[in-house]
Every structure is written in structure tokens, then in C-alpha cells.
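Here the structure comes first, spelled out in C-alpha cells, and everything after it is commentary.
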Amino acid sequence: MKTKLFLVSGWAFGEAALAGVAEALASEFDVTRLAAEDALPSGKLAEMLPSDQPCVLVGWSLGGMLALEAAEHLAEGSMLVLIGSTAKFTGGDETPHGVPVAEVRSMSISFRRQPQETLANFLRQSALPHEPLAVANQPDADQDDCPKLLEGLKYLRDADLRDAADRVGVATLILHGADDRVISPAASADLSRRISGSRLKTIDDVGHDLPVRNPQWIVSNLLEFWKNDVARPDAG
């Protein structure tokens with residue numbers, strides 16, 4: 001029986017943005033893709049995790065924060081993968097790498113007033129230093145998606161998962177684009193310091209859209225870590 005693997009997308013990207021990663025892992029794992037906005041309700045992601053067997057939980061950006069929040073429910077022998085993510089999105093004295101709270105509030109206001117333009121600007125910023133890549137079935141600013149996307153922005157503004165990061169007890173791989181303009185690579189360095197025994201890897205010339213831009217790099221690092229550090233008979 002294949003090990004279950006859960007993939008949770010970043011804000012406003014949707015589960016389809018993880019297709020490249022999911023398809024490359026399908027021969028090795030039983031893969032489930034989730035949009036971050038659909039995993040937002042409190043406890044929903046934790047409820048999906050098997051309590052009696054190891055699994056792999058992969059979260060990107062907002063999805064990584066949700067994965068970090070759910071990590072305490074992972075069974076022994078599981079693996080956590082955080083991509084372009086952070087324990088605290090907003091900045092402060094103890095999180096200088098974070099985004100200013102005022103900037104997140106401004107984005108929420110802008111999204112309410114000009115949702116299409118705000119989404120387009122975010123996708124451009126996520127793609128830097130490159131042009132955005134097309135993603136099928138991406139959330140848009142229609143009446144169904146708007147409330148969920150606003151909830152995601154609220155979570156990014158308010159969530160503080162530093163204590164959760166300190167408590168992570170499973171093998172953890174942290175991946176980040178070195179040119180990420182949405183979540184600073186310093187946020188992943190902070191995660192790596194907090195999560196005991198974690199491994200941090202960065203890739204040059206890639207920004208926040210890492211799972212879309214270079215899914216194979218994620219896949220190769222994930223499989224290497226799983227086979228050599230987690231799933232081998234003498235691991236742990």
C-alpha cells in the first residue's frame with residue numbers, strides 16, 4: 001500500500017498549481033491535492049491525516065502554515081515538507097523577515113475593491129524574477145472564491161505558528177526559492193532553526209512560485225529525503 005501524501009497549495013494558486021509535483025510523485029505515493037482555502041477551516045487538515053500510519057504532508061506558502069499547524073497530528077515516522085513558507089507571515093521585532101502588517105491590511109482592502117487587479121499583481125510578484133506561468137483552474141475573484149481568499153489573507157495576517165514550529169516532532173524538509181519576493185528566504189532559515197533536525201535547501205533564480213516553476217526540483221529533493229532519511233529501515 002502506498003504512503004499517503006497530502007499537497008496543500010499557496011494562497012490564490014489552487015490545487016491545480018501542484019499538478020506537476022503531484023503527477024511526478026503519483027507512482028511513489030497516494031497523492032491528495034488541496035487548495036489552501038479549502039483547508040482553512042480549523043482542524044480540517046488535521047482530520048484528514050491518518051492517525052495510525054505515517055504520511056507525508058507538503059505545504060506551500062499559506063499551505064505550509066496550515067501544514068505546520070497540523071503537524072502535531074502526524075503519526076510517528078511521517079514527514080513534513082514546507083515550501084516557501086513561514087511560521088509568521090507578518091513582521092515584527094522578532095520577525096524582521098515578515099511582511100509589514102499594514103501591507104497585508106492594504107492588500108485585503110485592495111482585494112475587496114479591485115480583486116482581479118490585486119490577484120494579478122500578486123501572481124506577478126510571486127513569479128519574480130520571471131514572468132508568471134499559466135496555471136489551469138486558478139482561483140479567481142468571483143463570488144465563490146472571494147470570501148475564501150479573504151479568509152486566507154486574514155489567516156496570513158493573524159497566524160503565529162512559532163510555538164508550533166518549536167514542537168514539530170517529525171522529519172522536516174524545508175525548500176525555498178532564493179529570489180522569493182513574497183516570503184523571504186530568511187523565514188525558512190528561521191523555520192530551520194526552530195524545527196529540530198530539519199533540512200533546509202534553497203534554489204537560485206526562483207521566486208515564490210517554486211512548485212509551478214520547478215516542480216522537479218521539489219520532487220527530487222522530497223524523494224531523496226524520504227528514502228534516505230525517513231523511510232529507510234534504520235531511520236530515526
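The values are calculated or read from the model by the stated rules, or taken from the named source; none is laboratory data. As the structure is a computational prediction, the values presented were derived from the model and not from experiment. Glycine also receives a Cβ, built like all others from the backbone with ideal geometry; neighbour counts cover every protein chain displayed.
So the values come out like this:
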| quantity | calculated |
| --- | --- |
| Enumeration of residues in the range 175-193 that are more than 15 Å from Gly10 (Cβ to Cβ) and among the basic types (Lys, Arg) | Arg193 |
| Hey, Leu57 in contact with a helix residue (DSSP H, G or I) (Cβ under 7 Å, 6 or more places away or on another chain), at pLDDT 95 or above and more than 20 Å from Gln216 (Cβ to Cβ) or not | yes |
| Counted residues, the range 171-208 - those being part of a strand (DSSP E or B), among the hydroxyl-bearing types (Ser, Thr, Tyr) and out of contact with any His (no Cβ under 9 Å at 6 or more places or on another chain) | 1 |
| Residue in the range 47-62 that is touching a residue at least 24 places away in the same chain (Cβ under 8 Å), within 20 Å of Ala22 (Cα to Cα) and part of a helix (DSSP H, G or I) present | yes |
| Which numbered condition Asp163 fails, given (1) touching a residue at least 40 places away in the same chain (Cβ under 8 Å); (2) within 21 Å of Leu82 (Cβ to Cβ); (3) not hydrophobic (A, V, I, L, M, F, W, C) | (1) |
| Every pair of residues 6+ apart whose Cβ atoms lie under 8 Å, when the first sits in the range 94-113 and is without any contact (Cβ under 8 Å) to a residue 40 or more places away in the chain and in a helix (DSSP H, G or I) while the second is surrounded by fewer than 16 Cβ atoms within 10 Å (Cβ to Cβ) and of a type outside the set (Ser, Thr, Tyr) | Ser110/Glu117; Arg112/Leu150 |
| The range 108-122, subset surrounded by fewer than 17 Cβ atoms within 10 Å (Cβ to Cβ) and of a type in the set (A, V, I, L, M, F, W, C), residue nearest to Ala16 (Cα to Cα) | Ala120 |
